[in-house]
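**Student:** I'd like to ask some things about the structure below.
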Amino acid sequence: MIKNGLLLRSAVPLWALAAGAGSLSPLAWATGAVYGLALVLLTGWGLRQSGRGKFGPADWITFARAVLVGGVAELVADGGSPLWWLVGLAAVALAMDGFDGQVARRTGTASEFGARFDMEVDAFLILLLCIQVSRTLGLWVLAIGLMRYAFVAASWALPWLTAPLYPSMARKTVAAVQGVVLVVAVSGLLPSAVSFGFVVAALASLVWSFGRDTGWLARHRVEKTPGRIVELTRATLRRPHGPAWRGHDQAA
């Protein structure tokens, strides 16, 4: 089953890559190739780390979203493709978000791996959309896509940032708003000034969400007792709900 799953996970990105190879630039093709290889290797590594032998039903939905995100990566790298292709792929990938969590809960296959996989796909899609929007509105837009990665980097020096957060509808709403606003900005349907205002508002809401959650974590952080921190990290704590970004709502 592991070998069959690996073959399928390898074949799907390669098929998607081949489908666009004829019309995309060499840079876009190379981007898709690197992305597809990374997707196969990282999902395999994640399965081994989690002790699981294969994808669950929800993981395959997340994987399908990841393949769509790979198409977005190719189109962003190409730079000359019609925007409606990019908007369409991104919109479908965003619309599918949440299905994997529902499937995981209904089939009893929720997992830490699935939740993390979902969260990483979301975060990378947002970063790609930020790159595209930054070409018209400016590099400051990248702050939206890079904020989650900056938070992860900060957690390496400040382990208390990895503690679980309380459930929050506001956090989920802010996360959802980012994708919608960025897709609309990419589409060019609105005047530049209006898109600029919406993206600024999205960034402000994200800064507020990260700031609120970071403040909460700081107030409730574990005391600096090395033995205790190791114990909590390995035995008690589950996957961190990174501020604003989420995955499967703890399910998949």
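**Student:** Would you compute the Debye intensity of the range 130-181 from its alpha-carbon atoms alone, equal scatterers and no solvent, and pass along log10 I(q)/I(0) at q = 0.20, 0.21, 0.30, 0.31 Å⁻¹ to two decimals?
**Tutor:** Once normalised to I(0) and log-transformed, intensities are -0.86, -0.91, -1.09, -1.11.
**Student:** Of ILE126, ILE61, which has the most accessible area and how do the rest follow, probe 1.4 Å?
**Tutor:** Of ILE126, ILE61, the descending order of accessible area is ILE61, ILE126.
**Student:** Can you send over the solvent-accessible area of GLU112, 1.4 Å probe, protein chains only, in Å² to the nearest 10?
**Tutor:** About 110 Å², ignoring ligands and nucleic acids.
**Student:** So how much accessible area does LEU146 have, in Å² to the nearest 10, using a 1.4 Å probe?
**Tutor:** Counting only protein heavy atoms, the figure is 90 Å².
**Student:** Further question on the same structure: Given N residues in the range 62-141, what is its alpha carbon radius of gyration divided by 2.2 N^0.38 Å?
**Tutor:** Compared with the compact-globule rule of thumb, the range 62-141 sits at 1.21.
**Student:** Using θ = phi - 60° and the Karplus relation 6.51 cos²θ - 1.76 cosθ + 1.60, list the HN-Hα couplings for the range 140-156 in order, rounded to whole Hz, with x at every Gly or Pro.
**Tutor:** 4, 4, 4, 4, 5, x, 8, 4, 5, 5, 5, 5, 4, 4, 5, 5, 5
**Student:** So, one more: Sort SER192, SER134 by accessible area with a 1.4 Å probe, largest first.
**Tutor:** SER192, SER134
**Student:** Something else now. Using only Cα atoms, what is the ratio of the radius of gyration of the range 98-175 to 2.2 N^0.38 Å?
**Tutor:** Cα Rg divided by the expected 2.2 N^0.38 Å: 1.30.
**Student:** In terms of solvent-accessible area of protein heavy atoms at a 1.4 angstrom probe, what is the ranking of TRP216, TRP29, highest value first?
**Tutor:** Largest accessible area first, the list is TRP29, TRP216.
**Student:** Through the Karplus equation 6.51 cos²θ - 1.76 cosθ + 1.60, θ set to phi - 60°, convert the phi angles of the range 200-212 into ³J(HN,Hα) values in whole Hz; use x for Gly and Pro.
**Tutor:** Once rounded to whole Hz, the list reads 4, 5, 5, 4, 4, 5, 5, 4, 4, 5, 4, x, 4.
**Student:** Could you pull out every residue, at least 5 positions away or on a different chain, whose amide H is within less than 5 Å of the one on ALA110? Hs are placed 1.01 Å off N in the peptide plane, and Pro or chain starts have none.
**Tutor:** Long-range HN contacts for ALA110: ALA252.
**Student:** At a probe radius of 1.4 Å, what is the per-residue accessible area of TYR35, in Å² to the nearest 10?
**Tutor:** TYR35 has an accessible surface of roughly 40 Å² with all protein chains in place.
**Student:** Moving on. Between ALA154 and THR214, what is the label-point separation in nm under the 7 Å Cα-to-beta-carbon projection?
**Tutor:** Taking the simple label geometry, THR214 and ALA154 are separated by 0.2 nm.
**Student:** Using the Karplus curve 6.51 cos²θ - 1.76 cosθ + 1.60 with θ = phi - 60°, work out ³J(HN,Hα) for each residue of the range 72-79 in order, rounded to whole Hz, and write x for Gly and Pro.
**Tutor:** These are the phi-based 3J(HN,Hα) values: 4, 4, 4, 5, 5, 5, 5, x Hz.
The values are calculated or read from the model by the stated rules, or taken from the named source; none is laboratory data. Please read all numbers here as calculations on a predicted model, not as lab measurements. Positions of Cβ are backbone-derived with ideal geometry, glycine not excepted, and every protein chain shown enters the neighbour counts. Protein only, heavy atoms only, side chains kept; ligands, DNA and RNA dropped before computing areas. Shrake-Rupley method; radii C 1.70, N 1.55, O 1.52, S 1.80 Å.
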